[in-house]
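Peer 1: What follows is a structure written as structure tokens; I'll ask about it next.
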Amino acid sequence: MLIKEFRVIMPLSLEEYHVAQLYSVAEASKNETGGGDGVEVVTNEPRSDEKMGSGQYTYKIYHLASKVPKFIRIIAPKGSLEVSEEAWNCFPHCKTVITNPGYMKDKFSITIETIHREDDNGTIENIHNLPPELLAKREVIFVDIVNDRVENRDYKAHEDPSKFQSTKTSRGPLQPNWRETSRPIMCCYKLVTCEFVWFGLQGRVESLIQKTERRVFTNFHRQIFCWMDQWYGLTIDDIRAIEEKTKHDLDEQRSKGDVKGTSEP
């Protein structure tokens with residue numbers, strides 16, 4: 001089991017980030033769905049959690065056949081290329097659990113617990129209250145949406161915070177020292193625990209998963225900032241309406257559209 005805590009600093013208020021995150025999740029889902037693959041939203045409803053309080057619960061299925069090379073699609077067992085995601089968004093506390101119930105069952109899981117803090121530059125040492133034995137295993141990684149390297153295949157100039165300026169807020173472009181000069185400021189403390197029980201592959205796959213999570217967090221939060229003019233001014237009621245429309249759009253794209261987003265030949 002690998003444990004990493006990603007600290008993502010964002011030049012937003014807590015309220016802005018809440019709306020921006022939900023809007024961007026919906027948009028990113030559409031960008032990855034089509035031709036039988038992508039995101040299927042099964043459940044999206046208000047729900048309470050004993051630990052986190054009231055919020056929104058979602059259950060999604062990710063259909064991934066086109067996201068892996070063809071030879072894997074040929075030999076992959078039934079159910080192995082579908083991943084389930086349960087998420088409890090009780091902002092500012094969120095939890096996501098990713099599993100593969102059709103094949104790996106309890107031998108594979110990714111758990112992401114996030115606490116969002118305003119006026120915070122990522123300096124709280126143990127915000128998740130980990131016990132000493134887990135704290136000793138945890139690695140802290142800061143994600144910088146401006147200065148961190150982005151892979152060539154992911155880079156888009158219009159999603160580069162060092163080039164983008166919002167017409168609605170005049171924020172940006174962000175300079176190399178933006179973390180010291182930007183206001184508002186906040187931090188997403190993302191504790192990622194992954195487990196992949198498979199003899200001979202466990203360590204390698206768990207390391208790959210954590211590397212992928214860092215890539216996803218970096219790209220997603222660059223998009224959040226650069227999509228500011230699309231989400232700024234929206235309310236949570238607006239977001240719920242967008243989510244409902246997105247659910248129908250995803251169903252149609254998955255059944256009729258072409259393969260979109262990250263795919264492998």
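Peer 1: Ignoring ligands, DNA and RNA, what percent of the accessible area of the chain is carbon or sulfur (1.4 Å)? Write down the numbers at each step before the final one.
Peer 2: Values: 7200 of 13830 Å².
Its accessible area is 52 percent carbon and sulfur atoms.
Peer 1: Work out how much length Ile236 to Gln202 would gain on full extension: take 0.36 nm times their residue separation and subtract the Cα-Cα distance, in nm to one decimal.
Peer 2: Working it through step by step, the gained length comes to 8.2 nm.
Peer 1: Identify the residues of segment 38-64 with backbone N under 17 Å of a label point that sits 7 angstrom from the Cα of Asp249 along the Cα-to-Cβ direction, or state none.
Peer 2: In segment 38-64, the label zone of Asp249 (backbone N under 17 Å from the point 7 Å along Cα→Cβ) covers 38-42.
Peer 1: Taking amide H atoms as placed 1.01 Å from N in the peptide plane, list the residues 5 or more away in sequence, or in a different chain, whose amide H sits under 5 Å from that of Asp49.
Peer 2: Amide H neighbours of Asp49: Ser54, Gly55.
Peer 1: Let me ask something additional. Cross-link list Lys60/Lys163; Lys60/Lys190; Lys30/Lys156: which exceed 22 angstrom alpha carbon to alpha carbon?
Peer 2: Over 22 Å apart, Cα to Cα: Lys60/Lys163.
Peer 1: What list of ³J(HN,Hα) values in whole Hz, one per residue of segment 88-101 in order, does the Karplus curve 6.51 cos²θ - 1.76 cosθ + 1.60 (θ = phi - 60°) give from phi, with Gly and Pro shown as x?
Peer 2: Once rounded to whole Hz, the list reads 10, 9, 10, 3, x, 10, 9, 9, 10, 10, 10, 9, 10, x.
Peer 1: Same structure, new question: Please list Tyr189, Tyr155 from largest to smallest accessible area, probe radius 1.4 Å, with all protein chains kept in place.
Peer 2: Solvent-accessible surface, decreasing: Tyr155, Tyr189.
Peer 1: Which value in nm describes the separation of the simple spin-label points at Asp119 and Phe142, placed 7 Å from the Cα toward the beta carbon?
Peer 2: 2.1
Peer 1: Let me ask something additional. HN-Hα J couplings of segment 137-153 from phi, Karplus 6.51/-1.76/1.60, θ = phi - 60°, integer Hz, Gly and Pro as x?
Peer 2: 8, 5, 10, 9, 10, 8, 10, 10, 6, 9, 9, 6, 5, 10, 4, 4, 5
Peer 1: Still on this structure, I have one more. May I ask you to list the aspartates and glutamates whose Cα is less than 16 Å away from that of Lys247, ignoring any residue fewer than eight positions away on the same chain?
Peer 2: Glu27, Glu32, Asp37, Glu40, Glu45, Glu85, Glu86, Asp237, Asp238
Peer 1: Shifting gears a bit: Let's test the formula: R0 of 51 Å, r as the Cβ-Cβ distance of Tyr155 and Asn129. What FRET efficiency results, to the nearest 0.05?
Peer 2: The computed FRET efficiency comes out at 0.85.
Peer 1: Separate question: Using θ = phi - 60° and the Karplus curve 6.51 cos²θ - 1.76 cosθ + 1.60, what whole-Hz ³J(HN,Hα) does each residue of segment 173-188 get, with Gly and Pro shown as x?
Peer 2: x, 7, 8, x, 9, 4, 5, 8, 10, 7, 9, x, 9, 7, 9, 9
Peer 1: Now a separate question. For the chain, what is the accessible area per residue in Å² when the probe is 1.4 Å?
Peer 2: Result: 52 Å² of accessible area for each residue.
Peer 1: Any idea what the relative contact order of segment 117-265 is, in percent, if you count C-alpha pairs under 8 Å spaced at least 6 apart?
Peer 2: Values: 94 pairs, mean separation 44.7, N = 149.
Over segment 117-265, the number comes to 30 percent.
Peer 1: Next question, about the same structure. List every residue whose amide H lies under 5 Å from the amide H of Tyr232, counting only residues 5 or more places away in sequence or on a different chain, with H placed 1.01 Å from N in the peptide plane.
Peer 2: Here nothing satisfies the definition.
The values are calculated or read from the model by the stated rules, or taken from the named source; none is laboratory data. Since the model is a prediction, treat every value here as computed from it, not as a measurement. Note that we place each Cβ from the backbone using ideal geometry, even for glycine, and neighbour counts take in every protein chain shown. Each accessible area value is taken on the protein alone, full model and side chains, heavy atoms only, with ligands, DNA and RNA left out. Shrake-Rupley method; radii C 1.70, N 1.55, O 1.52, S 1.80 Å.
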